[in-house]
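Read the structure below first, then the notes.
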Amino acid sequence: MIIATSKFNNPYIPEFKGIEKLEGKMLHSSQYRNAEAFKNKIVAVVGGSLSGTSIAEELAKITQVYHFIRKPRWIIGRYRSSDPKNNGPLLPRDLLKTYASSLTKLSPEEEYEFMLQHCAEQNEIPEWCMKPDSPIGFVVADDYLSLLRSGNLQPIRGNIDYFSESKLILEDERSFNFDVIIFCTGYFRDLTFLPENLRLRSALYEDTFPPGTENIAFIGMYPEARGAVFPLIELQAKLACAVFSNRYQLPSTETMLAEIASMPSSRNEVAFTSSLATRLGVIPELKSLSPDLCHILVNGAYTPARFLLNTQPELAITTIKETEYYRRKLLHSKDKIPSLSSLCFFKLQSLQIEKATQDDNRPGGSKVIGAL
């Protein structure tokens, strides 16, 4: 049995004091569609994670917004500089992420300095100031800080105490009037249709299998899953099917529990997909590939097409090389931000890619042999 009921199925709003007085003035972020319905209204947005920050940013372009947060996070643009020290061109985050870069483990201090290169501007804002000991977290926004300076957006840091009919009061007794409030407070997981012992009371093996069972798998409930999670979910589903069809044998319960105990508290998508792909036997074997393709897989964009090299090699290679050409085109662009034409229209020029990778693989260059 596969359970794939999502982490984002049941909207959650905390039981704040006085919340019953907000009837007709409140909604959850799951109900939000666009900013136009809130024009000329004072909007209170509660929640400082991804949806809260994005909605506050969008609303502040046409109306007054109070954005209530409990802790700061790194505010990351949709495009990240490839070379922040030298004001390099901006690329989508996924095109800057490589397998090689994922192997570099940073200390908390190094992680802070790295993020500061991209997000230093926010430390001028007390509510969003990040410190070396701040909990790691991020939100995605392009115009948030500029809207804050314009006066349309006001971030407020603190804990909510209670509500009156049109007023929000914090624990430090500050109060704020509003016309409508949007709760961006997440979701709760409802697994009451399952027996009590299967309701995810403990950690899962590979974030998929409850230890001690071989007939149930949870798909898409990976705690760190955000954004384009379909490649990850596909690998989870393939592993579940391999287990159910006896093509893959799960380890003993003791081994699963031991591996869960030794697992880092969070894994990025590179580590997670690589682990799943290794168990499925679809991890690329670099020593069997051409030097140019090997170089792209290690130092180029980390794309899920690499896991199709065994089953659909032509499609996989074409996709991998097209993506790398596109990435290199943007890296060498004279535009600070890629134009629409460069983002949408590009073609494969494999000879250029092969020449570039051959140059990178000249004697003296670094080579990686083994499995990703």
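The values are calculated or read from the model by the stated rules, or taken from the named source; none is laboratory data. Note that the structure is a prediction, hence the values are computed from the model and not measured. In this analysis, Cβ positions are derived from the backbone assuming ideal geometry, glycine residues included, and neighbour counts consider all displayed protein chains. Just so you know, the surface numbers come from the protein's heavy atoms only, side chains and all, with ligands and any DNA or RNA stripped out. Shrake-Rupley method; radii C 1.70, N 1.55, O 1.52, S 1.80 Å.
Overview of values
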item: Distance (nanometres) between label positions extended 7 Å along Cα→Cβ at Ser262 and Arg70; result: 3.4 nm
item: Dipole magnitude of region 1-72, debye to nearest 20 (Cβ charges: Lys/Arg +1, Asp/Glu -1, about Cα centre); result: 140 debye
item: Candidate aspartates and glutamates for bridging to Lys41, where Cα separation is under 18 Å - those fewer than 8 sequence places away on the same chain excluded; result: Glu23, Glu57, Glu58, Glu165, Asp179
item: Within a Gaussian network of the chain (alpha carbon springs, distance under 10 Å), most fluctuating of Lys61, Lys25, Lys85; result: Lys85
item: Accessible area of the chain belonging to carbon and sulfur atoms, whole % at 1.4 Å probe; result: 52 percent
item: Total formal charge among the other residues, if their Cβ is under 12 angstrom from that of Gln64, Lys/Arg +1 and Asp/Glu -1; result: +2
item: Helix-only CD estimate at 222 nm, as mean residue ellipticity for the chain, using -39500 (n - 2.57) per DSSP H run (n ≥ 4); result: -9500 deg cm²/dmol
item: Filter on Lys21/Lys131; Lys287/Lys329; Lys39/Lys329; Lys7/Lys238; Lys105/Lys287; Lys7/Lys287 - keep pairs with C-alpha separation over 31 Å; result: Lys21/Lys131; Lys39/Lys329; Lys7/Lys287
item: Accessible surface, the chain, averaged per residue in Å² (probe 1.4 Å); result: 54 Å²
item: Semi-axis lengths (Å, descending) of the ellipsoid that matches the C-alpha gyration tensor of region 160-306; result: 40, 24, 13
item: Glu173-Ala203 pseudo-label distance in nm [points 7 Å out on the Cα-to-Cβ vector]; result: 4.5 nm
item: Label point distance in nm, Glu111-Ile233, each placed 7 Å from Cα along Cα→Cβ; result: 2.6 nm
item: Gaussian network model of the chain, Cα within-10 Å springs - most flexible of Asn177, Asn40, Asn197; result: Asn197
item: Phi to ³J(HN,Hα) by Karplus 6.51 cos²θ - 1.76 cosθ + 1.60 over region 148-162, Hz, x for Gly, Pro; result: 4, 5, 6, x, 6, 10, 10, x, 9, 9, x, 9, 6, 9, 7
item: Percent RCO, i.e. relative contact order, over the chain, from Cα pairs under 8 Å lying at least 6 residues apart; result: 22 percent
item: Cα gyration tensor shape of the chain, rounded if a/c is under 1.5, else prolate or oblate by comparing a/b with b/c; result: oblate
item: Antiparallel content of DSSP bridges confined to the chain, in %, to 5; result: 40 percent
